[in-house]
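The values are calculated or read from the model by the stated rules, or taken from the named source; none is laboratory data. As the structure is a prediction and not an experimental result, all values here were calculated from the model. Every residue, glycine as well, gets a Cβ built from its backbone with ideal geometry; the counts of neighbours run over all protein chains shown. Remember, those area values only see protein heavy atoms, side chains included, never the ligands or the DNA or RNA. Shrake-Rupley method; radii C 1.70, N 1.55, O 1.52, S 1.80 Å.
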Protein chains: 2
Amino acid sequence: MTVSTEVLQTIEGIKKISEKSMKQAKTHIDSLTKPIGSLGKIEALATQLAGITNNPFPHVSPPGIAVFAADHGVSEMGVSAYPKDVTAQMVYNFLNGGAAINAFAKQINAVLKIVDVGVAQELEHDQLEQKKVKNGTNNFAYEQAMSNDEVNQAIQVGIDTTVKLLDEGAKTIIVGEMGIGNTTSASAIISLITGCSLEDAVGYGTGITDTIRENKITIISKALQDRQPNRNDPFDILTKIGGLEIASMTGAILKAAEQKVPVIVDGFICTAAAVLAVLMEENVRDYLIAGHQSQEKGHIHGLSYLQKKPLLQLDLRLGEGTGAALAFPLLQAATNMLNDMATFESAGVSEHN
Amino acid sequence: MTVSTEVLQTIEGIKKISEKSMKQAKTHIDSLTKPIGSLGKIEALATQLAGITNNPFPHVSPPGIAVFAADHGVSEMGVSAYPKDVTAQMVYNFLNGGAAINAFAKQINAVLKIVDVGVAQELEHDQLEQKKVKNGTNNFAYEQAMSNDEVNQAIQVGIDTTVKLLDEGAKTIIVGEMGIGNTTSASAIISLITGCSLEDAVGYGTGITDTIRENKITIISKALQDRQPNRNDPFDILTKIGGLEIASMTGAILKAAEQKVPVIVDGFICTAAAVLAVLMEENVRDYLIAGHQSQEKGHIHGLSYLQKKPLLQLDLRLGEGTGAALAFPLLQAATNMLNDMATFESAGVSEHN
């Protein structure tokens, strides 16, 4: 770790993924009844999954999905197309099964957890993971988003959620989010760490106008000027920019990597969390699979920093973990190829001339 | 139909897809709890599926997959990386559950049929659909691939197979193929109909060398010169070039469209069959969904002719229906979005500012 905090010390060293298992998987793939390399990216994915799990015959089902919800003080600056109340309303929608992530999670038989790590209002529901650290971040346009201690707590919520999902049998981790205003924080994070301009990092979020987007750039630019977060210090960035759900996602990703479990990266916000996790611990990178490239302008810069090519390109811009959930069947297919196909020898099929 | 043959007369007129159902689906999608348009291509897919099925709340599961197998006389010219026997060997592999399409079909709970429409050897298996029209096509380098009557019979096998799959409950049709040498026929078909050069239409198939590829181009070029198939007559093209499995796939696609059932187009060979189907009946186009863009060079020209953007780009080059099967979960997701999500009103979520 480049950053040492009490909470991150609970994560044990994240190891490189297993070269040996990757080699074993690759050799096996080349013996299967299909022309060598003919399953393209599915083969590369299968090899990566073997390396991550240290098992040439890995399993990825069921996936575990955690949707972290939190509010952003900066939303009072009018940076979103939706009012702040929508964060809480959507949490209830998740809990009642009506959102896109519910439909997609059900399709892939996922274990789904909805976590309140910082929604501004009090929420009541027996299925809700009540882990509120703070009633939303402070407005980072005027002050730091939260305290060091709050960042620690939010990261710990993410770590604990991954542990819970793994305890319930999850073999792949997907982290999603809900937080009106969170593309503003994510844009600031992506611009800071990857070095891309705010012009390149700031997009249209859930559907803002050009004028609002210009305003969003001005607000972030001034905040970065005033707060001067250290771009090499993910902890300082989270303290000054937020958000609570991004900190939790970072913790959830770190814990999954420590436990040798693949993480499917979702859209722009999730990618900001993954970038923070890689900045904390370089080896995290190899545990990540980019689910998709979203329509949000800055996403490509985050994916480049992660050195990842996305599995899907569907012009999504929803979040919640939806893009990662849509990509999950490709991980299943990769492992089904490894586990279910016959070899040329076992099937009595002639090999290449 | 631009081409009238006795067998095609068994297909009733293929209607345009329903504008009304598409509009109803679109209105419903825009009322769901997500920013408008935020599910990108999934939304467009859902709308198309509503139009195809004439139902704003369509269902696509279970899919039905038919793998048509046949040999190609032209394989004796050394155009493939594999010996001709592999066609029969792979049919047994399909029947014994060891191929990639078996692994992927199982993942999506597909009804799977393996159809011998023209394998050169006699095959015995109780799960095999025995529909052999001919022991492989004649070598189109020297003579026409088959007779008019054989083309009719092979198309009818495809029609009958779709009927059987639909009778067994299939709500989406995927057609795959196995036939050593069949990229040679498909390249000739794609070049002829789309007008792209043979240089652009001929790729590396299952993994041939540059020299074999050059040879493949020369063989096709001379055959087209000698046989002069009429590029506006799909029936003449099938007679002169083949293959039997491509004719069956064309029939299967036509019947699915007539029955208002979506068809997921697989790779290069399947795209050649889809191009033939569209040439027979323009309205087929709207029933097609391009599953993926393969690594085979000429695929993009076929997809352009179909006016389709692929859902996946995974560098596949296997066939068997594998790429279409990998794309199927995205159709499921599109229909799950339509059928399972809450509306802003029902969930009590505030709409756009």
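Here is how the numbers come out for the structure above:
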{"quantity": "Candidates per GluC sites (Glu not before Pro) in segment A:9-118, loop by DSSP, up to 12 other Cβ within 10 Å", "calculated": "A:GLU12"}
{"quantity": "Residues with amide H under 5 Å from that of A:GLU177, placed H, sequence gap 5 or more", "calculated": "A:PHE68, A:GLU320, A:GLY321"}
{"quantity": "Choice from B:SER185, B:SER80, B:SER304 with maximal GNM fluctuation in chain B (Cα, 10 Å cutoff)", "calculated": "B:SER304"}
{"quantity": "Accessible-area value, B:PHE268, 1.4 Å probe, nucleic acids and ligands omitted, Å²", "calculated": "10"}
{"quantity": "Sequence-distant residues sharing a close amide H with B:LEU312 (under 5 Å, placed H)", "calculated": "B:HIS292, B:GLN293"}
{"quantity": "Cα gyration tensor, segment A:235-353 - rounded (a/c under 1.5), prolate or oblate", "calculated": "prolate"}
{"quantity": "Heavy-atom surface of segment B:199-283, accessible at 1.4 Å and reported per residue (Å²)", "calculated": "29"}
{"quantity": "Residue-averaged [θ]222 nm for chain B, counting only DSSP H segments that reach four residues, each worth -39500 (n - 2.57)", "calculated": "-14500 deg cm²/dmol"}
{"quantity": "15 Å Cα-Cα reach of B:LYS131 towards aspartates and glutamates, excluding residues that sit fewer than 8 places from it in its own chain", "calculated": "B:ASP71, B:ASP116, B:GLU122, B:ASP149, B:GLU150, B:ASP160, B:GLU177, B:GLU245"}
{"quantity": "Area projected by the alpha carbon convex hull of chain A, averaged over all directions, nm²", "calculated": "17.2"}
{"quantity": "Inter-copy separations for A:PHE57, label at 7 Å along Cα-Cβ, nm, ascending", "calculated": "4.4"}
{"quantity": "Candidates per GluC sites (Glu not before Pro) in segment B:122-202, loop by DSSP, up to 13 other Cβ within 10 Å", "calculated": "B:GLU122, B:GLU124, B:GLU168"}
{"quantity": "Inter-chain shielding of A:99-112 (mean C-beta neighbours from other protein chains, 10 Å cut-off)", "calculated": "4"}
{"quantity": "Residues whose placed amide H lies under 5 Å from that of A:LYS113, excluding near-sequence neighbours", "calculated": "A:ILE65, A:ALA66, A:VAL67"}
{"quantity": "Percent accessible area from carbon and sulfur atoms, chain B, protein chains only, probe 1.4 Å", "calculated": "45"}
{"quantity": "Nearby lysines by direct alpha-carbon distance to B:LYS23 (threshold 27 angstrom, same-chain neighbours under 8 apart not counted)", "calculated": "A:LYS106, B:LYS15, B:LYS34, B:LYS41, B:LYS171, B:LYS255, B:LYS260, B:LYS308, B:LYS309"}
{"quantity": "Euclidean distance of C-alpha centroids, segment B:183-242 and segment A:305-333, integer Å", "calculated": "37"}
{"quantity": "Using a 7 Å Cα-to-Cβ projection, B:SER346 label spacings across copies, nm, ascending", "calculated": "4.5"}
{"quantity": "Axis-nearest residue in chain B [Cβ, rotation onto A], distance in whole Å", "calculated": "B:PRO329, 2"}
{"quantity": "Prolate/oblate/rounded call for segment A:174-245, Cα gyration tensor, a/c under 1.5 rounded", "calculated": "oblate"}
{"quantity": "Relative counts (whole %) of C-alpha pair distances in the protein assembly as shown, using bins that are 20 Å wide", "calculated": "19, 46, 28, 7, 0"}
{"quantity": "Estimated buried accessible area (total), pair A and B, 1.4 Å, Å² to nearest 100", "calculated": "4500"}
{"quantity": "Rounded accessible area per residue of segment A:20-134, 1.4 Å, Å²", "calculated": "35"}
{"quantity": "Nearest-ten-degree value, helix B:210-227 long axis tilted from longest Cα axis of chain B", "calculated": "80"}
